[in-house]
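All remarks here apply to the structure that follows.
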Amino acid sequence: MVTSRQFAPIDATETDDVSSVVELLRGVYARWTRTTTIKQMRDDWDDLFRGRAEPWPVERFEAGGVPAEWIVAAGAQPNRIILYLHGGGFRMGSVDSHRDLMQRLSVAAGARVLGIDYRLCPEHPFPAPVEDALAAYRWLLDTGVPPGRIALAGDSAGGGLVLSCMFAARAANLELPRAAYLMSPWTDLAATGASFVSKADVDPLHQRPLILNMAKAYLGPCGDPCDPLASPLYGVLEGLPPLLIQCGGRETILDDSVRFAERARNAGVAVELDVYPSMIHVFQAFGELSAARHSLAGAGSFLDRHFTEQKNGP
């Protein structure tokens, strides 16, 4: 079944808060031109978010050959693990840019979070990120962590990558994780959703040409945007674990969440879809937003419920 919820603004200042966030993001985008290097874009993106993180101890290592870091809140249960796959259009983003979000997720879920720096395009196009995500998941299993003690989570491109990782794990005859949490997942690189038109006037940041350009950069000139490992919307969804999908109502890629949730429901997957009408893409990244706090609390409850069910199950 799919449980679909829409949340009204959490408080009276929410719209103003979102406007401030939008201006912050636009300030970064405005600095980028056709001559801006990919390294500069990545540095700018990391710098935008790096200062938000708390100064927790840092433990860097390799998980299955992939650079990784444990993000562990005080009191997190050692037998609850979330493998986190960051967003950034497969060309930006890192553990640095998402450390704050992973910290808040660790607190909300009472779990250890494993963040990884998977390879990025254009240097490493599809399927390199899928290979790295699968390698990290396999590493967890190989170190003795039962799949029922693992959840996957990700935002935007990382949300789609969570689903691709599970497809790849299933193809490799690996047991799937207990649950997955997806924030504004990018599930359709062909960008066929009607929301690219219906939400074009209210999405302040992302329009269809930009999405298609990012998809082309990831897939390469001969890549298929309907390949399920790149676009999970077109995959076989039967047998996936319970899913929580959260997205904003002002996103042009809203239908990437809505259509995926509907297809998953029709495939017998337990899906919860939460739409925050006044929110933008991956609003959870901005902890000052009341909607971000509300949604992370909901994610923590979702993951706690499924981890607990696993503990109490057979």
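The values are calculated or read from the model by the stated rules, or taken from the named source; none is laboratory data. Just so we're clear, the structure is a prediction, and the values are computed from it rather than from any experiment. With ideal geometry, Cβ positions are generated from the backbone for all residues, glycine too; neighbour counts draw on all protein chains shown. We work out accessible area using only protein heavy atoms, side chains counted, and drop any ligands, DNA or RNA first. Shrake-Rupley method; radii C 1.70, N 1.55, O 1.52, S 1.80 Å.
Helical content alone sets the calculated 222 nm signal of the chain at -13000 deg cm²/dmol, taking -39,500 (n - 2.57) per DSSP H segment of four or more residues and averaging over every residue. If only the Cβ of Lys and Arg carry +1 and only the Cβ of Asp and Glu carry -1, the dipole of segment 24-74 around its Cα centre is close to 400 debye.
The modelled label-to-label distance between Arg60 and Leu212, using points 7 Å beyond Cα along the C-beta direction, is 3.9 nm. Across segment 20-28, rounded Karplus estimates of 3J(HN,Hα) from the backbone phi angles (6.51 cos²θ - 1.76 cosθ + 1.60, θ = phi - 60°) give 5, 5, 4, 5, 4, 5, 4, x, 6 Hz, Gly and Pro being marked x. Amide hydrogen proximity for Glu272: with H placed 1.01 Å from N in the peptide plane, the residues at 5 or more positions away or on another chain lying under 5 Å are Thr3, Leu243, Leu244, Ile245.
For segment 128-141, the Karplus equation 6.51 cos²θ - 1.76 cosθ + 1.60, evaluated at θ = phi - 60°, returns couplings of 3, x, 5, 4, 5, 4, 5, 4, 5, 5, 4, 4, 4, 5 Hz by residue, with Gly and Pro reported as x. In this structure, the amide hydrogen of Leu85, modeled 1.01 Å from its nitrogen in the peptide plane, lies closer than 5 angstrom to those of Ala153, Gly154, Asp155, counting only residues at least 5 positions away or on a different chain. In this rough spin-label picture, where each label sits 7 Å from Cα along the Cβ direction, the Ala194-Ser20 distance is 3.7 nm. Only one residue of Gly298, Gly27, Leu176 has its Cα farthest out toward the positive end of the dipole of the chain, where Lys and Arg carry +1 and Asp and Glu -1 on Cβ, and that residue is Leu176.
For the chain, carbon and sulfur atoms together expose 54% of the accessible surface, with a 1.4 angstrom probe and every protein chain in place. Taken about its Cα centre, the chain carries a charge dipole of about 320 debye when Lys and Arg each add +1 at the Cβ and Asp and Glu each add -1 at the Cβ. Across segment 255-269, computed HN-Hα scalar couplings (Karplus, 6.51 cos²θ - 1.76 cosθ + 1.60, θ = phi - 60°) run 5, 4, 7, 5, 5, 5, 4, 5, 5, 5, 4, 5, 8, x, 8 Hz from first to last residue, x flagging Gly and Pro. If you take the Cα centroid of segment 60-77 and the Cα centroid of segment 210-285, the two points sit 26 Å apart.
What residue among Ile245, Leu233, Cys222 has its Cα farthest toward the positive end of the dipole of segment 220-314, where the charges are +1 on Lys, Arg and -1 on Asp, Glu, each on the Cβ? About the Cα centre, the residue reaching furthest to the positive side is Ile245. In this structure segment 167-279 gives 37 Å² per residue of accessible area when probed at 1.4 Å with all protein chains present.
Given the options Pro177, Pro209, Pro129, state which has the largest fluctuation in a GNM of the chain using a 10 Å cut-off (strictly under) for Cα springs. Among Pro177, Pro209, Pro129, the largest GNM mean-square fluctuation belongs to Pro209.
Taking springs between alpha-carbon atoms closer than 10 angstrom, which of Tyr234, Tyr29, Tyr276 fluctuates most in the Gaussian network model of the chain? So, out of Tyr234, Tyr29, Tyr276, the one fluctuating most is Tyr29. Across the chain, C-alpha contacts under 8 Å between residues 6 or more apart give a mean separation that, scaled by the residue count, equals a relative contact order of 22 percent.
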